[in-house]
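Let me begin by presenting the structure, written as structure tokens, before commenting on it.
What follows draws every value from the coordinates through simple rules; no lab data is involved. Since we're looking at a predicted model, the values are computed, not measured. Counting neighbours? That spans all protein chains shown, and the Cβs are built from the backbone with ideal geometry, glycine included.
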Amino acid sequence: MKKIVFLFLILLLVPGNALAGNKFGIVEVQRVLETSEPGQRALGQLTLRFEDMREDLDRERSKVDQLRQELQKQSMVLSQQAQQDMEAELRQKMQQFQQKYQSYQVQMQRKEQELSEPIIDLLFDVINDYAENKGFDMIFDAQGSGLIYAQDHMNITDEIIAELNRAWEAKNN
């Protein structure tokens, strides 16, 4: 919100004719990260890395569900003590599942950040170089800037994706 207010104030303070000659562009940063070659590679690495975790969680969930079903089926024939023991075991398994799930989420977020950080750093370098080479005065993130409307010709996302792919390949070869 502060960014929007700041941008609005800047635009109010700059005379209209001063902005007339300026060149603006917008980039859909999220789309760049999702569709560029380095973004796709990072997503593939994340998917492979956490497939084992997903399978482990599925097994744990299945165990909890089986125990819950067993408790429901046997609740009428179990002694009160046996039922309480099964309920305690079910609570313990549910708690273990939740802890494992949260642990995996934290690991996944860390790995995602680790993989995306060099891509984002390179992306901002690419955007800066592109802006300087093409004579842009300002380039905005379409989602993060609070932008509501821009003409299609201002969207340089596809060009930035191509530039990022080239820079990533050059950096990794």
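Brief remarks on what is shown
- Anisotropy class of the stretch 98-161 from Cα gyration tensor, a/c 1.5 cut: prolate
- Cα lying deepest toward the dipole's positive end in the chain, options His153, Tyr101, Gly44, charges on Cβ: Tyr101
- Gyration tensor verdict on the stretch 15-107 (Cα atoms; rounded if a/c is under 1.5, prolate if a/b is larger than b/c, oblate otherwise): prolate
- Ala88 paired with Gln109, simple spin-label distance in nm, labels 7 Å along Cα-to-beta-carbon: 3.4
- Between the beta carbons of Gln95 and Leu46, assuming R0 = 35 Å, the FRET efficiency works out to 0.85 to the nearest 0.05.
- In this simple spin-label approximation, Met138 and Lys63 carry label points 7 Å from Cα along the Cα→Cβ vector, and these lie 5.6 nm apart.
- C-alpha center-to-center spacing [the stretch 134-173, the stretch 48-67] in angstrom: 39
- Straight-line cross-link reach from Lys111 at under 19 Å between alpha-carbon atoms covers these aspartates and glutamates, not counting any fewer than eight positions away in the same chain: Glu34, Glu37, Glu51, Asp52, Glu55, Asp56, Asp121.
- Mean Cα-pair separation over length for the stretch 2-171, i.e. relative contact order, pairs under 8 Å, 6 or more apart, %: 51
- Dipole magnitude for the chain: about 560 debye, using +1 per Lys or Arg Cβ and -1 per Asp or Glu Cβ, origin at the Cα centre.
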